[in-house]
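In what follows, a structure is listed as structure tokens, so that the remarks can point back to it.
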Amino acid sequence: MTLATFISSRRFKVDLWRATPGPFKVGAVILVAHGLFAVLGFFWTPYGYAEMGAGLPLSGISWQHPMGLDQIGRDVFSRFMHGAHIVLLLSFAGTMLGMVTGTTLGLLSGYVGGWFDEITQRIVEAMISIPFLALALVMIIAAGPALAGAPVLIVFVVGLVYAPRITRIARAAAMEIATREYVAVAELRGEGTWSIVFREILPNAANVLLVEFSLRLSYAPILIGALGFLGFGIRPPTPEWGLMISENRNLLIASPVTVFGPGLGLASLVIGFNLFTDGLSRMLGQRPVAGA
Amino acid sequence: MQKLIEVRNLNIAYGGAAGWTNVVQGVSFEIARGEAFGLVGESGCGKSTVAYRLLGYGTINSLVQTGEIIFDGTDLLKLGATALTRLRGDRIALVPQNPTTSLSPGMRVGTQVREMIATHRALPQGMTMEARIVELFALVGLPDVGHCYPHELSGGQQQRVTIAMAVACNPDLLVLDEPTTGLDVTTQRQIIQLLADLRARIGMAMLYVTHDLALLAQIADRVGVMYAGQLVEVAPCEELLSAPAHPYSRGLIASIPTTDGAERQGRGLRGVLRRDQMSTGCKFEPRCDFATTACRTMPQVLEPVTDARSVACMRWRDVVAPQAPVLVKRENKKIIGEPARLLSVADLNLSYGRPGLFDRLLGRTSPSVVRDIDLELYAGEVVALVGESGSGKSTIARAISGRLPPRTGIIRLDGAALAPALKDRSVEELRQIQYIFQNPDASLNPRRRIRSILERPIDHFGIKVDEKALESVLENVGLHAGYLDRFPEQLSGGERQRIAIARALLVNPKLLICDEILSALDVSVQARIVELLRSLKEKHAVAMLFISHDLAVVQEFADRVAVLYRGELMQLADIATLLDAPLHPYTEMLLEAAPGLRRDHYVSRPPAFPVSKAIPGVGCPLAGRCPRQVGSLCAETRPPVQVSDNGFIRCHLAADELATHASPADHSDFAGQVRSIS
């Protein structure tokens, strides 16, 4: 059943919940919780996220400070709360950028073929052959100190790391769809390339691309977290979770909860995304492509 | 006669997201030892589900609710996996529908036959495995092809291999699931001949599942007609075909196009099988011409009416009563005045794959798949392009539509030469030629509503239409405005093809190219699309290039027929001439091989010079296969084109010579039997 008819069917409205696979439900619950938490953290936190001296530095868990305090006396839970929307927004924006570029390039490449396809694919292969973290670091260094730590750069890096991988998926889908007769019908009508790619091919690649999107989205927090951990992410004191883990890793013995808190947040987010993707792909009859 | 297998009250349901659907309901029949039983019905009627159950096989989501299949005293449905494995292939064997996908592509076919014999330890005493395999191949009329891989064999040969595998262990029952559906008509006839021959020699029983009643006429003793999961009639084959007792059987038989010159009014069946719109009574009631109010509430069960016949219809007496056939004499329409020439194709040569730089340097060219085509189409005329698969019918259509630039040759529309490539043609030229594809599932974008599918060409070509345009075009093709907001997958195959036709008609084309548009549809649906096309032809005076493998369908509304063989036009003639006096040996072969509704014991005539094989582009493509070959002349020189008053014949034999010592059989007899040349 395709997505469009699925959504317009009465069954969808009546017992959507019952018809969805288990992982999808669990994933959706986790993601909704994360979303609410992020919205709440954006508007209100118990203490300011950069407020020093909220309590005695390095004191452990208490009702006032459920995740303790860090070295300079900032409330870790407040930072964690405020960081939630940053992680979500960066992941979402970065993946979206990769998706738009990758899909456009991939669908064109798969449909047009020929020299355009050859050149695009060689560039894409070159980029995929570099480990993604190394590629990300190279890009951050190339961007120069002026941009270092800016959210725009992170979004751009995530997008650029993802684009080649998404390009390949979109290209494979387009190549298969391009052989269908409704594409031939459009060609016989004299439709232009863009029109065929966006009217005929894109809607039919939507299933594959949607699964790809949510799969990529689930890896994005890890990528952003890793950059933050290595000190190439968001500029401090912005409480991005990876950065928080990095800041507090010296305290692992003295106050483990300051590291585990953000770590658990990151883990639950990624697990939520993965379950959601798994369920979604089952609903759409698609198989997610393994690997980052 | 002794019963070999008996199916009693079989009920099978398929599980899905929406719960259980009853697919097979209360089916009971038996097959005697050595008997050939045919199971016929339209797609989705459950015939294959029943057939596979005879092998104890069902898909994972199917459930046998009640029923027994008694084979040799045991109930197959109660057997365990091991016992079934022992039985399958050994005592009950399957010949699958598609040999290309059912033979393992990476294994030599000899090894695959060996596997079958070895699994069941069925090697006869005192015989080596190699000898047995060669013997089996000889039995199905193959040379020793054991060392070949499946792709090295033709479709017909592959099907012979699967038959050899099936009979390897001398089974008692052979289950055949549409074994000739994908084959050309001449090959199809050879397979049928082979099966009849094997039955006579080995004496096994057969269950032959097909949608093609004409095929069953050639091979089956008794036939069961299935509708919506129920057997509605079981009768001896001849009796069923001459006097069907169930309204559905009657409609099914009437749907089969024949060339007896009769135009049956309102022939065939109306509506389609909708499992969601079943009445509590007779399943066929919504589509039945004989239905009364009682039919809607009273379930009909299969009851014996004569000693050999059972029918599930209380009004069978009215149905079986002979009707005076409405014979409408075919008018030989004389076109008044000289019609305008719409399309002319001159000296067309086509090949796939453009030569690369190296090929050009070395002077290599890829071989032409279509050679020297000259064809003309007049305004409002329907020309059928007929030939076996791979003869280049669709390739020619692709060239005319611009999807395949020809190597040489000119295509003119209304006297103006069309650009060879699609991108060089003007919008107006594109509008004038509309293409309808074979498979309506693939030619409608599944993610767009019908409204958007139909509106797009109007927007694209900038045609000014009134608001009612979409509704009126839907009405034209027999649908209504309610379809506009549906997605293609909510429509049946026939409805989708109607939408595809509507889309083409919306832009007022001068030429419709219909590429096998009927072959993906059920017989009853085909019959109604033919009606539609015929009415469109009369109403809109649109010219059509109708590509088909089915001469019988073509004769219902084509004006002229072009017969294509291996990329060359063999004959062009008006339809009446072609059927009455085919003249060309290839046309004769096609007409003879097509099965009719009577058993004809057809045996194909052997080629006159089987050794002198045709070389593409040199001699006549039919050389080596032609029963009337003159000698090596045919293989070595191109046959001359002999122009007649309404077409031409390409043959070395002169037209009067072809007419005089024609084949032993009478031509008018073939005309009654013509069906398809797939």
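The values are calculated or read from the model by the stated rules, or taken from the named source; none is laboratory data. Only a predicted model underlies this, so the values are computations on that prediction, with no experimental measurement involved. Positions of Cβ are backbone-derived with ideal geometry, glycine not excepted, and every protein chain shown enters the neighbour counts.
Of all residues in segment B:455-469, none satisfies being surrounded by 18 or more Cβ atoms within 10 Å (Cβ to Cβ), of a type in the set (A, V, I, L, M) and at pLDDT 80 or above.
Answer with yes or no whether B:P627 is buried (at least 19 other Cβ atoms within 10 Å of the Cβ), part of a loop (DSSP other than H, G, I, E, B) and touching an Asp or Glu at 6+ places or on another chain (Cβ under 9 Å). Taking the combined requirement at face value, the residue does not satisfy it. Among the residues of segment B:302-320, those identified as closer than 16 Å to B:C282 by Cβ and buried (at least 18 other Cβ atoms within 10 Å of the Cβ) are B:L302, B:S310, B:V311, B:A312, B:C313, B:R315, B:W316, B:V319. Counting only helices (runs of 4 or more DSSP H) that fall entirely inside segment B:38-123 and contain at least 3 residues that are in contact (Cβ under 8 Å) with a residue 60 or more places away in the chain, the qualifying elements are B:47-53, B:99-102. Considering B:I31, B:I69, which residue is of a type outside the set (K, R), closer than 30 Å to B:S249 by Cα and over 28 Å from the mean Cα position of the chain (by Cα)? None of the other options fit; the residue is B:I69. Checked against (1) crowded, with 17+ Cβ neighbours inside 10 Å; (2) outside any loop (DSSP other than H, G, I, E, B); (3) more than 9 Å from every other protein chain (Cβ to nearest Cβ), B:I517 passes all but a single condition, namely (2). Taken together, B:F557, B:F487 contain a single residue that is of a type in the set (F, W, Y) and in contact with a Phe, Trp or Tyr (Cβ under 9 Å, 6 or more places away or on another chain), which is B:F557.
Inspection of segment B:581-601 identifies at least one residue that is modelled with pLDDT of 75 or more and among the polar types (S, T, N, Q). Per the listing B:I499, B:I458, B:I517, B:I453, the residue uniquely over 24 Å from A:V197 (Cα atoms) and either in contact (Cβ under 8 Å) with a residue 12 or more places away in the chain or touching a helix residue (DSSP H, G or I) at 6+ places or on another chain (Cβ under 8 Å) (or both) is B:I517.
Set side by side, the residues B:Q193, B:Q158 differ, and just one is surrounded by fewer than 20 Cβ atoms within 10 Å (Cβ to Cβ), part of a helix (DSSP H, G or I) and not charged (D, E, K, R), which is B:Q193.
B:L430 falls short on exactly one of the conditions (1) aliphatic (A, V, I, L, M); (2) within 9 Å of chain A (Cβ to nearest Cβ); (3) within 25 Å of the chain's Cα centre (by Cα), and that condition is (3).
Among the listed residues B:G596, B:G617, B:G624, which satisfies the condition of being on the phi > 0 side of the Ramachandran plot and in contact (Cβ under 8 Å) with a residue 24 or more places away in the chain? Write out each step before concluding.
Working: B:G596 fails: on the phi > 0 side of the Ramachandran plot; B:G624 fails: in contact (Cβ under 8 Å) with a residue 24 or more places away in the chain.
One residue alone meets the criteria, B:G617.
Counting residues in segment B:458-472 that are in a helix (DSSP H, G or I), more than 14 Å from chain A (Cβ to nearest Cβ) and not small (G, A, S) gives one or more. For segment A:211-231, the criterion of a residue being more than 19 Å from A:G279 (Cβ to Cβ), without any contact (Cβ under 8 Å) to a residue 60 or more places away in the chain and more than 18 Å from the chain's Cα centre (by Cα) is satisfied by at least one position. Let me confirm something: among A:T258, A:T238, which residue is among the hydroxyl-bearing types (S, T, Y), more than 14 Å from chain B (Cβ to nearest Cβ), more than 30 Å from B:D515 (Cα to Cα) and part of a helix (DSSP H, G or I)? Going through A:T258, A:T238 in turn, the sole match is A:T258. Taking the listed residues A:V14, A:V26, the one that is within 14 Å of another protein chain (Cβ to nearest Cβ) and either out of contact with any helix residue (DSSP H, G or I) (no Cβ under 6 Å at 6 or more places or on another chain) or modelled with pLDDT of 85 or more (or both) is A:V14, with no other qualifying.
Being part of a helix (DSSP H, G or I) and closer than 19 Å to A:T95 by Cβ is not true of A:T120. Quickly run through segment A:186-197 and pick out the residues that are in a helix (DSSP H, G or I) and either at the interface with chain B (Cβ under 8 Å from one of its Cβ atoms) or among the aliphatic types (A, V, I, L, M) (or both). Correct list: A:A186, A:E187, A:L188, A:I196, A:V197. The requirement of being touching a helix residue (DSSP H, G or I) at 6+ places or on another chain (Cβ under 7 Å), closer than 28 Å to B:E35 by Cα and in a helix (DSSP H, G or I) is not satisfied by B:L142. Within segment A:112-144, the set of residues being of a type in the set (D, E) and closer than 24 Å to A:S195 by Cβ comprises A:D117, A:E118. Of all residues in segment B:579-593, those satisfying the criterion of being on the phi < 0 side of the Ramachandran plot and in contact (Cβ under 8 Å) with a residue 60 or more places away in the chain are B:L579, B:D580, B:A581, B:P582, B:H584, B:P585, B:E588, B:M589, B:L590, B:L591, B:E592, B:A593.
Taking the listed residues B:V611, B:V603, the one that is over 30 Å from B:E239 (Cβ atoms), among the β-branched types (V, I, T) and in a loop (DSSP other than H, G, I, E, B) is B:V611, with no other qualifying. Within segment A:198-215, the presence of at least one residue that is within 14 Å of another protein chain (Cβ to nearest Cβ), among the β-branched types (V, I, T) and under 30 Å from B:G402 (Cα atoms) is confirmed.
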